[in-house]
1. Only one residue in Ala188, Ala224 is out of contact with any Leu (no Cβ under 7 Å at 6 or more places or on another chain), open to solvent by 80 Å² or more (accessible area, probe 1.4 Å) and either within 19 Å of Glu91 (Cβ to Cβ) or modelled with pLDDT under 95 (or both). Which one?
2. Can you tell me which residues in region 121-166 are touching a residue at least 60 places away in the same chain (Cβ under 8 Å), outside any loop (DSSP other than H, G, I, E, B) and hydrophobic (A, V, I, L, M, F, W, C)?
3. For region 120-170, which positions are within 19 Å of Ser206 (Cα to Cα), surrounded by 20 or more Cβ atoms within 10 Å (Cβ to Cβ) and either touching a Leu at 6+ places or on another chain (Cβ under 6 Å) or not hydrophobic (A, V, I, L, M, F, W, C) (or both)?
4. Looking at (1) open to solvent by 100 Å² or more (accessible area, probe 1.4 Å); (2) among the hydrophobic types (A, V, I, L, M, F, W, C); (3) not in a strand (DSSP E or B), which one does Ala234 not meet, given that it meets all the others?
5. Is there a residue in region 30-53 that is open to solvent by 60 Å² or more (accessible area, probe 1.4 Å) and modelled with pLDDT of 50 or more?
6. Exactly one condition in (1) under 18 Å from Val221 (Cβ atoms); (2) open to solvent by 70 Å² or more (accessible area, probe 1.4 Å) is false for Arg111; which is it?
7. Report yes if Thr103 is within 14 Å of Pro222 (Cα to Cα) and in contact (Cβ under 8 Å) with a residue 12 or more places away in the chain, otherwise no.
8. So how many residues does region 191-209 have that are open to solvent by 20 Å² or more (accessible area, probe 1.4 Å), over 30 Å from Asn143 (Cα atoms) and either at pLDDT 95 or above or within 32 Å of the chain's Cα centre (by Cα) (or both)?
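The values are calculated or read from the model by the stated rules, or taken from the named source; none is laboratory data. Since this is a predicted model, take the numbers as computed values, not measurements. Glycine gets a Cβ as well: all are built from the backbone with ideal geometry, and neighbour counts include every protein chain shown. All accessible areas refer to the heavy atoms of the entire protein, side chains included, with ligands and DNA or RNA removed. Shrake-Rupley method; radii C 1.70, N 1.55, O 1.52, S 1.80 Å.
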Amino acid sequence: MTSAQPRPSRRARRPLAAVVTAVALALVLSSCGVLKEDAPQADEPAPTASATAAFDSQFTRDGTFQSHVKVGSMDFVYTIWPTKSTPRTNEWYPGGDKYFSFTLQSYDLSRKLRDKFSKKRKVYLDRIEVTSATTTPSGAVENPYELDEEAKKITFDPQPVSTKYGMLITSPKGAFELRNQKIGPLAADTQGVTLTFSATVWIQKSRGSDEYEPELVTQEVPIAIFASKKPTEAQKIPINAN
């Protein structure tokens, strides 16, 4: 009868366990190494989308611009859009004339939209001013559009409701509108034009009150200009067309 083989002592089994553990660890590390090679390296640039326009402009991107300027419970809405003469904003180049129209109207947010007009506070527009400044890589600046006028004298409506404070612009009875405003030829490296609108208004302190408070309502409107050797082509349209 064969005698039983002596079992390895606990000390003899430890080296064997260590070898197995080392082999398993090596396999894990090797596997991790493969995964790490497949993944983007930290120092590699991440993929990017196509380059954005050099001059960001909602007006250019959407073909219109509308903003809401809050003054207390009053909402002043500027709306600016390209006219039918030069409707394609992606074809606004440095050369040639480019045309836009704009409106300004106020809303009494303390009242419901369908409330009687007599329940809403009145707002009168006294003067409208617009300045402009171009953006170029060289830093040179042009001012291709300027306006500073008494609103009731230039608005599209020949007979706006007016008082000593100016013309009424409270919706839905009044609104200031100016059509077919021209931005002329610009420097060849022009990337954009920023228009700054400033309206001097008088806001009724409370419904039915004879007291009015002055306020300056401003809004900047960036407009992108695209590089091209050919000029912007303006179509002939009726003078009163939008």
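1. Residue meeting the stated conditions: Ala188.
2. Val123, Leu125, Ile128, Val130, Ala133
3. If the condition is that a residue be within 19 Å of Ser206 (Cα to Cα), surrounded by 20 or more Cβ atoms within 10 Å (Cβ to Cβ) and either touching a Leu at 6+ places or on another chain (Cβ under 6 Å) or not hydrophobic (A, V, I, L, M, F, W, C) (or both), then Lys120, Arg121, Lys122, Tyr124, Gly166, Met167, Ile169, Thr170 are the ones that fit.
4. (1)
5. Among the residues of region 30-53, at least one is open to solvent by 60 Å² or more (accessible area, probe 1.4 Å) and modelled with pLDDT of 50 or more, which makes the answer yes.
6. The number of the failed condition is (1).
7. Judged against the criteria, Thr103 is not a match.
8. Within region 191-209, residues that are open to solvent by 20 Å² or more (accessible area, probe 1.4 Å), over 30 Å from Asn143 (Cα atoms) and either at pLDDT 95 or above or within 32 Å of the chain's Cα centre (by Cα) (or both) number 1.
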